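Undergrad: Next up is a structure, given as structure tokens.
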Amino acid sequence: MTRHPVAAVSDIPDGGRLKVDVAGRSIVVFHVDGAFYALADRCPHQGGPLSQGDQIGELRATVPGQHQYCRRNMIIRCPWHHWEFDIATGQSQIDPARIKVRRYETAVGDAPSCVAEEKLAATTFETVKEEGLVYVII
């Protein structure tokens, strides 16, 4: 696998994202709570640009009427048809067992923090933060 420097750590504020092109692939890199995640910038539904979607959290309810907002900034919503995907896994919020954005392994420093998975998914890429730069690994 090849490491591609894509940005300085300071270029992507916490809770933010940056669209980059790496080895002919359009990728969106997310920075959430100190960790970096990389997804293909393409919704598996009809190819919408995930980099232009809303970055949101989850609303959960353990019982009717008791809602809790959690996982802040960990969901990306496609701007075209509002399909939602988990930034860490690429999994769909609608049908996580079958629909996902293909994701790539991510890492901060030299140690990988996620493992790539292959399914219908937004594509993700491994990222590494090292000496003030963020790298995408393909």
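Undergrad: For the range 65-74, what does the Karplus curve 6.51 cos²θ - 1.76 cosθ + 1.60, with θ = phi - 60°, yield as ³J(HN,Hα) per residue in whole Hz, taken in order and with x for Gly and Pro?
TA: After applying 6.51 cos²θ - 1.76 cosθ + 1.60, I find x, 10, 9, 9, 8, 9, 6, 3, 6, 9 Hz.
Undergrad: Using the Karplus equation 6.51 cos²θ - 1.76 cosθ + 1.60 (θ = phi - 60°), what ³J(HN,Hα) coupling, rounded to whole Hz, does each residue of the range 6-21 give in order, writing x for Gly and Pro?
TA: 10, 5, 6, 3, 5, 6, 10, x, 4, x, x, 8, 9, 8, 9, 10
Undergrad: Which FRET efficiency value, to the nearest 0.05, is calculated for HIS82 and ARG60 with the Förster distance at 22 angstrom and r the Cβ-Cβ distance? The partial results should precede the final answer.
TA: Details: r = 18 Å, r/R0 = 0.84.
For HIS82 and ARG60, the calculated efficiency is 0.75.
Undergrad: Compute the distance in nm between two label points, each set 7 Å from the Cα along the Cα-to-Cβ direction, one at ALA97 and one at ASP11.
TA: 4.1
Undergrad: How large is ³J(HN,Hα) for each residue in the range 126-138, as worked out from phi by the Karplus curve 6.51 cos²θ - 1.76 cosθ + 1.60 (θ = phi - 60°), to whole Hz, x for Gly and Pro?
TA: 3J(HN,Hα) across the range 126-138, in whole Hz: 5, 10, 9, 9, 8, 6, x, 10, 9, 10, 10, 10, 10.
Undergrad: Another question about this same structure. For the range 2-42, what is the per residue volume of the convex hull drawn over the alpha-carbon atoms, in cubic angstrom? If you can, show how the numbers build up before the last one.
TA: Values: hull volume 2.8 nm³, N = 41.
Cα-based convex hull of the range 2-42, divided per residue, equals 68 Å³.
Only the coordinates and a few stated rules stand behind these numbers; no lab work does. All values derive from a computational prediction rather than experimental measurement. Neighbour counts run over all protein chains shown; Cβ positions are idealised from the backbone, glycine included.
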